[in-house]
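> Shown below is the structure under consideration.
The values are calculated or read from the model by the stated rules, or taken from the named source; none is laboratory data. Just so we're clear, the structure is a prediction, and the values are computed from it rather than from any experiment. As a convention, Cβ positions derive from the backbone with ideal geometry for all residues, glycine included, and neighbour counts pool all protein chains shown. Remember, those area values only see protein heavy atoms, side chains included, never the ligands or the DNA or RNA. Shrake-Rupley method; radii C 1.70, N 1.55, O 1.52, S 1.80 Å.
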Amino acid sequence: MTQSTELERTKSEPWRKPDGTFGPGNPGKPKGARHRFNKAVLDRLGGLTDKAMATLERKLDEGELKAATFVLARFLPSERVVDVAAEPHEIADAIGEGELTVQESNRLAQAVKTLKEAAGVDEMRARLDEIEALLTAQGRS
């Protein structure tokens, strides 16, 4: 970048440093803030709900299943929600009775494994804190 370009930028955008990053006292856009254009588009889309549903119903009445397939594929969750108790024997019963598919049971097993590993990390942290306290107490004596 040439020096004249840097000077032009600092004149037009005084809140920025010459390298283009935000200067002190200006952290930039707050987290979660939406651009005005995006907010306007989302507001307009929200207002189309009734029209969109009426159009979809009309297309279904006309026998156009592509419209329904398109909408359902985009807006409904791709997986079903399954309510299974957290007790191991109840999970095993649900798998045995066919209430869970193989894919769902694999995901559930992975989730349980991840939770178990996280609990192990917490346990190790507690043990390390205990050892650290003992070492600190020994060093004082």
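> Tell me which of these E130 doesn't satisfy, since it passes every other one: (1) on the phi > 0 side of the Ramachandran plot; (2) assigned to a helix (DSSP H, G or I).
(1)
> When you look at E123, is it open to solvent by 100 Å² or more (accessible area, probe 1.4 Å) and either part of a helix (DSSP H, G or I) or touching a strand residue (DSSP E or B) at 6+ places or on another chain (Cβ under 9 Å) (or both), yes or no?
Yes.
> Within the stretch 63-78, how many residues are modelled with pLDDT of 80 or more, over 25 Å from E104 (Cβ atoms) and either part of a helix (DSSP H, G or I) or touching a strand residue (DSSP E or B) at 6+ places or on another chain (Cβ under 7 Å) (or both)?
Of the residues in the stretch 63-78, 2 are modelled with pLDDT of 80 or more, over 25 Å from E104 (Cβ atoms) and either part of a helix (DSSP H, G or I) or touching a strand residue (DSSP E or B) at 6+ places or on another chain (Cβ under 7 Å) (or both).
> A further question on this structure: Only one residue in A67, A94 is within 30 Å of L56 (Cα to Cα) and surrounded by 11 or more Cβ atoms within 10 Å (Cβ to Cβ). Which one?
None of the others qualify; the one that does is A67.
> Still on this model: Consider the stretch 79-96. How many of its residues are in a helix (DSSP H, G or I) and either small (G, A, S) or within 22 Å of the chain's Cα centre (by Cα) (or both)?
3
> Now, a different point. Could you list all residues from the stretch 97-120 that are assigned to a helix (DSSP H, G or I), surrounded by 13 or more Cβ atoms within 10 Å (Cβ to Cβ) and among the hydroxyl-bearing types (S, T, Y)?
Scanning the stretch 97-120 gives a single hit, S105.
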